[in-house]
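So the structure is just underneath, and the comments pick up after that.
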Amino acid sequence: MRFVLAVVLVAVIVVAIGVALLVGMQRPAEKIKIEWWDEWGEARLKWAEEMEAAYERAHPDVDIVIVEFASDEEFKTKFESAIAAGQPPAVFRTLGGGILKSYVDGGHVEDLTALLNEEWAVRQIPRTMLRQSTWNGRHYAVPFDLWAGHFYINRELFERAGVQIPPITTTWTWDEFKDAIRKFKEAGIIPIAVGGKDKWELSFYYMYIVDRLAGSDAFRKTINRAPGYSFTDEHWVRAGYLFKEIVDLGAFQEGFIGASYDEAQNLFFTGKAAMWLQGPWILGDLFASFPDFPIDIINFPTVPGGKGDPTMLLGAVQHHYAIAKNIPDNVKKVAYDFLRFICKEENVIRYAELSASPLAQNVRVPTEHYPAVLVKVIESTSRASWLQMAYDEYSPPKFAQVHLDSLAAVAAGTMTPEQMAEAQERVARELAEQGILPLEEV
Amino acid sequence: MQNRGFCHLRRSSLETKLESQTTTFFILKKLRYFIDRQAGLLMSLPALIFAILFILYPLAQMFYLSLFRWNFVSPNMFFVGLENFARMFFNDPVYLRSLLNVLLLAAQSSAIQIPIGVAMATIIIRHRRVGRAIWAIIFLPYVISSVAVSLIWTWMYNPYFGSVNGFLQFIGLGFLARPWLSDINTALIAIFGTVNWIYIGLTTTMIIATLRSIPPSIFESARIDGLSGFQEFRKITLPLLKELIVVLVIIDIAGAFKFFDLIWVMTQGGPSDTTHVTTTWLYRAAFRASEPGYGAAIGVTIFIFSFVIVQLLIKFTRSRLTR
């Protein structure tokens, strides 16, 4: 009896597995599925849903699947796993730079040169905006929007502390900047909020100081191993000391090293901190909670003896969309068509309206669709002599990590600026030996 | 012993004779005998396939990957031998620090949670009514999702809005107030505080369960023999708890090696990489710096360390407990 039972059980299990496999493999002829991956955020997700609905209405045989990720980190991890598993999403967002380059080198990204040379694209997408996604003359992504780093300020707190607001068209000196920090402290206001836990916010300061000191070529030449450039050059070390100077002055809130982006945001939004060095992405959340916030933007100060052009801004093309290379041809065809669709002028304008971000495409957005401060950001961006892409996005991930980690260590006082400079040079050399650097000819 | 298989067959000698006369029958019998003997194996096959697919294969993959330099997406993997391991022990102070932190975490968990757990358990057993309330309160943190706990404590440690500094000021210890998670001298301690807050309830519960299983007659006779409260604890309670304590220490060590979420949410290993444990450093190396080979190498060391330590402890426990 038990024997029979055993045989029956085994048979049942085998049949069950078999049926499961058969059911799993036998999918009925389906719609063409286009997965669309991005770290959306509320405002841009709304845009994506509108695009999905509109496209599916026009193409009933296509199913657009919007996949959302909570953070850039999660996106990156899942995306790389999907690539490794041979199941990449058809359309995905990228920030360009070193990370996209590594995907391109791995043969995972569709060459979009032909698409971007179509007549509408030549008209609508300025070639300068393709800088972060072009290698060897081939384009790999369609740029959508820009970001630029400014000090976002609370006008009310500036008035209360008696600090003059330097107009956006001019700049202020390092001494004026330090003076302002002291005045804020005397008035019991946190001069600057910063989320040091994620480290990239700290990097903003370092990048600005380097550019103010040595000009906009310094980073690109040094990381791409141009002869005569090294991370141990004097201005790299000096930038570390200038950063340390404002840390020691108490410019940032207490415990800023371990504070998250949310904690910094909280300090600034609730009027405890006067300044926050950020990109325009903060505005969506700000106006959602504090529509009457006395917001304004000012420039990063110049530094004594600096050679850099003070109109330079930290910033870059931010969101691009790209197509995966290793997907079935029929899916790819639809993916191309879908990219063309979301680039239609009215769709791009809708993107600008919803995301409240400056566009990387030649599409005129009526200014009444933008909040006043954003118009200011856009004007300031158009005046900029150079947009410096964030180091951690431009460079290979390993360099990015060393850069961020050692800067945080300098802020915490466990590393000297000299040691930081050496650490950066060491990893850059290593990456050059491995053939990962240079990223481009300089 | 003859009937090792799943099913017991009874045959008369006549039957056996008849069977062996026809070859078909003979083969069938053989087959039946085979299935009979292998039934155990056959039935565990689904579970075995699962284990091989999802435990052994990834493990082998990890060992393999640890010998390469790769960036997840490149078609080229460079074989580097043991370079990743050399780098870990000779060229990566953060890794060594993270190992130290794991040991500290395990040691402090045992040293703090077990004594407090024993004390709590004794109180709870002695005072039934109040005890039940205390038990419920200290067990509560363990039931909350650890990410939620981490977020709650991150805000409690916040120097501007946090209740920890507020409380210190309230009781007149304002000079102790500081940005707990941002100060390289206190971040680890602050994390340990949260860890203990979560797990003391569980430790206490396990100790209560063990103490409850001791027959009360033992304590009664001890009292009749005139043992004081402390003597009773030392001579009876503690020896009876010995086995559980060893188990708890093993759990603490194994737990320290796989600890991740709380630290990742609270500090991400910062400030200045002082609060990394091996798992968070692995994650950072593999997924943030995109070096899966190095991450896998860290994984291999975690595997070896925890394997060896747990084996040693099990051996130790056996020899001690069977004595």
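The values are calculated or read from the model by the stated rules, or taken from the named source; none is laboratory data. The shown structure was predicted, so the numbers you read here are calculated from the model rather than taken from an experiment. Quick reminder, even Gly has a Cβ in these numbers, built from the backbone with ideal geometry, and neighbours come from all protein chains shown.
Could you please find all residues in the stretch A:408-430 being buried (at least 20 other Cβ atoms within 10 Å of the Cβ) and either more than 13 Å from every other protein chain (Cβ to nearest Cβ) or within 23 Å of the chain's Cα centre (by Cα) (or both)?
A:ALA408, A:ALA409, A:ALA411, A:PRO417, A:ALA421, A:GLN424, A:VAL427, A:ALA428, listed by residue number.
Could you give every pair whose Cβ atoms fall below 8 Å, whose first residue belongs to the stretch B:258-281 and is within 15 Å of B:SER145 (Cβ to Cβ) and within 11 Å of another protein chain (Cβ to nearest Cβ), and whose second residue is surrounded by fewer than 22 Cβ atoms within 10 Å (Cβ to Cβ) and of a type in the set (Phe, Trp, Tyr), counting only separations of at least 6 or pairs across chains?
B:TRP264/B:TYR283
Collect the residues in the stretch B:242-289 that are at pLDDT 90 or above and among the hydroxyl-bearing types (Ser, Thr, Tyr), keeping them in residue-number order.
B:THR267, B:THR274, B:THR275, B:THR278, B:THR279, B:THR280, B:TYR283
Where in the stretch B:221-323 are there helices (runs of 4 or more DSSP H), lying fully within it, with 3 or more residues that are among the aliphatic types (A, V, I, L, M) and either within 30 Å of A:PHE399 (Cα to Cα) or out of contact with any Asp or Glu (no Cβ under 8 Å at 6 or more places or on another chain) (or both)?
Values: elements: B:229-232, B:238-257, B:261-266, B:278-283, B:292-321.
Per the criteria, B:238-257, B:261-266, B:292-321.
Of all the helices (runs of 4 or more DSSP H) wholly in the stretch A:225-306, which have at least 2 residues that are within 25 Å of the chain's Cα centre (by Cα), within 14 Å of another protein chain (Cβ to nearest Cβ) and over 21 Å from A:TYR206 (Cβ atoms)?
Numbers: elements: A:234-248, A:261-269, A:282-289.
Output list reads A:261-269.
Among the residues of the stretch B:175-234, count how many are free of Cβ contacts under 8 Å to residues at least 60 places away in the same chain and more than 30 Å from B:GLN268 (Cβ to Cβ).
23
More than 14 Å from chain B (Cβ to nearest Cβ) and touching a residue at least 12 places away in the same chain (Cβ under 8 Å): does that describe A:LEU374?
Details: more than 14 Å from chain B (Cβ to nearest Cβ): yes; touching a residue at least 12 places away in the same chain (Cβ under 8 Å): yes.
Yes: the conditions hold for A:LEU374.
Being of a type in the set (Gly, Ala, Ser) and in a helix (DSSP H, G or I): is that true of A:SER357 here? Show your work before the answer.
Working: of a type in the set (Gly, Ala, Ser): yes; in a helix (DSSP H, G or I): no.
Against the criterion (of a type in the set (Gly, Ala, Ser) and in a helix (DSSP H, G or I)), A:SER357 does not qualify.
Looking at the stretch A:373-401 only, could you name the residues that are among the aliphatic types (A, V, I, L, M), out of contact with any strand residue (DSSP E or B) (no Cβ under 9 Å at 6 or more places or on another chain) and farther than 13 Å from A:TYR206 by Cβ?
A:LEU374, A:VAL375
Go through the stretch B:64-94 and report how many residues are part of a helix (DSSP H, G or I) and more than 10 Å from chain A (Cβ to nearest Cβ). Talk me through it step by step, then tell me what you get.
To start, the set of residues in the stretch B:64-94 that are part of a helix (DSSP H, G or I) comprises B:64-65, B:83-90, B:93-94.
Subsequent filtering for residues that are more than 10 Å from chain A (Cβ to nearest Cβ) retains B:64-65, B:83-90, B:93.
Residues in the stretch B:64-94 being part of a helix (DSSP H, G or I) and more than 10 Å from chain A (Cβ to nearest Cβ): 11 in total.
Can you name every residue in the stretch A:393-406 that is touching a residue at least 12 places away in the same chain (Cβ under 8 Å), facing chain B (nearest Cβ under 10 Å) and either in contact with a Lys or Arg (Cβ under 7 Å, 6 or more places away or on another chain) or assigned to a helix (DSSP H, G or I) (or both)? Spell out how you get there, then give the answer.
Start the filter on the stretch A:393-406 by keeping residues that are touching a residue at least 12 places away in the same chain (Cβ under 8 Å), which leaves A:393-400, A:402-406.
From what's left, facing chain B (nearest Cβ under 10 Å): A:396-400, A:402, A:404-406.
Matches in the stretch A:393-406: A:PRO397, A:LYS398, A:PHE399, A:ALA400, A:VAL402, A:LEU404, A:ASP405, A:SER406.
Any idea how many residues of the stretch B:32-48 are hydrophobic (A, V, I, L, M, F, W, C) and either more than 9 Å from chain A (Cβ to nearest Cβ) or in contact with a Lys or Arg (Cβ under 9 Å, 6 or more places away or on another chain) (or both)?
Residues of the stretch B:32-48 hydrophobic (A, V, I, L, M, F, W, C): B:34-35, B:39, B:41-43, B:45, B:47-48.
Subsequent filtering for residues that are either more than 9 Å from chain A (Cβ to nearest Cβ) or in contact with a Lys or Arg (Cβ under 9 Å, 6 or more places away or on another chain) (or both) retains B:34, B:39, B:41, B:47-48.
Residues meeting the conditions: 5.
Filter the stretch B:289-299 for residues that are facing another protein chain (nearest Cβ under 7 Å) and either aromatic (Phe, Trp, Tyr) or under 15 Å from B:VAL94 (Cα atoms) (or both) and give the result.
Correct list: B:ALA289 only.
Quick grid of which residues meet (1) under 30 Å from B:ILE263 (Cα atoms); (2) assigned by TED's automatic domain parsing to the domain that holds A:GLY41; (3) at pLDDT 95 or above:
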site: A:ILE246; (1), (2), (3): yes, no, yes
site: A:ALA251; (1), (2), (3): yes, no, yes
site: A:GLU263; (1), (2), (3): yes, no, no
site: A:GLN278; (1), (2), (3): yes, no, yes
site: A:ILE298; (1), (2), (3): no, no, yes
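Identify, from the list A:LEU354, A:LEU387, the residue that is surrounded by 16 or more Cβ atoms within 10 Å (Cβ to Cβ) and more than 17 Å from A:PHE287 (Cβ to Cβ).
On the way: A:LEU354 fails: more than 17 Å from A:PHE287 (Cβ to Cβ).
None of the others qualify; the one that does is A:LEU387.
Does the stretch B:109-116 contain at least one residue that is over 30 Å from A:VAL427 (Cβ atoms), without any contact (Cβ under 8 Å) to a residue 60 or more places away in the chain and out of contact with any strand residue (DSSP E or B) (no Cβ under 6 Å at 6 or more places or on another chain)?
If we filter the stretch B:109-116 for residues that are over 30 Å from A:VAL427 (Cβ atoms), which is where we start, we get B:109-116.
Pick out the ones that are also without any contact (Cβ under 8 Å) to a residue 60 or more places away in the chain and you get B:111, B:115.
Still in the list and also out of contact with any strand residue (DSSP E or B) (no Cβ under 6 Å at 6 or more places or on another chain): B:111, B:115.
Yes, the stretch B:109-116 has at least one match.
Run B:PHE192 past the list (1) more than 25 Å from B:TRP135 (Cβ to Cβ); (2) more than 14 Å from every other protein chain (Cβ to nearest Cβ) and report the number of the one that doesn't hold.
Result: B:PHE192 fails condition (1) only.
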